[in-house]
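A.B. asks: I have a structure here, written as structure tokens, and I will follow up with some questions on it.
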Amino acid sequence: MESYLNTPIKEIISKFPKVGEILGEYDIGCVPCTVGSCLLKDIIEVHNLTEEGEKEVMVRITKVIYPERVIPIPKVQRTTKTRSKEIKYSPPMKKLVDEHVLIKRWIALIPKLLERLDVDSPEVREILFNGVDFIRSYADKFHHAKEEDILFKYFDENSDILKTMLEDHMKARGHVKAIVEAFEKKDKKKIIEHLNAYGELLTEHIKKEDEILYTWMDRSLSVTQVGEIYSKFSEVDEISGNGVTERCRTLVVELEEKFEKSKKEVRT
Ligand SMILES: [Fe+2]
Ligand SMILES: [Fe+2]
């Protein structure tokens, strides 16, 4: 069984699909993950299962792989400390989690925008134009750049977990490009397709970062590194953030109010 700890998870799941189902029960989404070359031991560590959780998962997986035999349950040698399930972020991670909140507020407006998607209406075109501006300026240039240019540099960018995150960023950029092209061609079907895909992708991506990536990073970084990252983030906030943050926050608030107001008007 020890050898399975060092086997890529996709290999294990393709041989024993039940293992994917078991991991799914513990909110470990290896089945839909497109990379899947993480080793079983890394998955257990990155997802920060409790000691009991790890034992439970390993017992169940071992039973699937060796149904006829009694095998000693291997213990994952962790390079990071096990912490409680309650999430406590370091100050720089907290900054990123807070930025996600505004991005999620914008994503929540996508269905309302699609309800009134008239590509010939100057008002709707302005909302879409502002939406693309929000994604590019805030979600991408401001937030993703902090991750890519600062935070991720403290880790191995060829590791599977970071490759997955960077792949998500690239896919998100692809959707935004497609939205802009469809917007110029007034192609309503493509705008709907890519806006929805962007919303779904980013929702999942943010969940992975909030619940898995940042907590794992926090467990791996030294206090000095955390301080360094915080001061680098603060520099970005000062240089490029303030104008962008304020403009994008106003944009989201105004759009929320606009949609709320038109909902009330429909009711009365
Ligand atoms: Fe990200
Ligand atoms: Fe993020």
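Any read-out appearing in this document is the output of simple, stated calculations on the displayed coordinates, not a laboratory observation. Quick caveat: nothing in here was measured; it's all calculated off a predicted structure. When we count neighbours, we look across all protein chains shown, and the Cβ atoms used for this are built from the backbone with ideal geometry, even at glycine.
A.B. asks: If you add up the charges near residue 226, with Lys and Arg at +1 and Asp and Glu at -1, over every other residue whose beta carbon is less than 12 angstrom from its beta carbon, what do you get?
C.D. replies: Summing Lys and Arg as +1 and Asp and Glu as -1 gives +2.
A.B. asks: Next up: Set the bar at 22 Å for Cα to Cα. Now go through 18/163; 94/258; 207/232; 153/232; 104/208; 88/208 and name every pair that lies beyond it.
C.D. replies: Beyond 22 Å: 18/163; 94/258; 207/232.
A.B. asks: Provide the net charge surrounding residue 96, with neighbours chosen by a C-beta distance below 9 Å and charges set as Lys +1, Arg +1, Asp -1, Glu -1.
C.D. replies: After counting each charged neighbour, the total is -2.
A.B. asks: Can I ask one more? Rounded to the nearest 500, what is the chain's calculated 222 nm mean residue ellipticity when only DSSP H runs of at least 4 contribute -39500 (n - 2.57) each, over all residues?
C.D. replies: -20500 deg cm²/dmol
A.B. asks: Taking only the C-alpha atoms, wrap a convex hull around region 168-268 and report its volume per residue in Å³ as a whole number.
C.D. replies: 159
A.B. asks: Now a separate question. So for the pair residue 64, residue 257, with labels modelled 7 Å out along Cα→Cβ, what separation do we get in nm?
C.D. replies: With each label placed 7 Å out from Cα toward Cβ, I get 5.1 nm.
A.B. asks: Still on this structure: At a Förster radius of 35 Å, what calculated FRET efficiency corresponds to the Cβ-Cβ distance of residue 230 and residue 2, to the nearest 0.05?
C.D. replies: 0.35
A.B. asks: If the elastic network links every pair of Cα atoms under 10 Å, which of 133, 27, 168 fluctuates the most in the Gaussian network model of the chain?
C.D. replies: 27
A.B. asks: Quote the convex hull volume per residue of the chain, based on C-alpha atoms, as a whole number of Å³.
C.D. replies: Convex hull of Cα atoms, per residue: 154 Å³.
A.B. asks: Here's something else I'd like to know. Which loop-located GluC sites (Glu not before Pro) does region 141-231 contain, where loop means any DSSP state but H, G, I, E or B and the Cβ has at most 13 other Cβ atoms within 10 Å?
C.D. replies: 157
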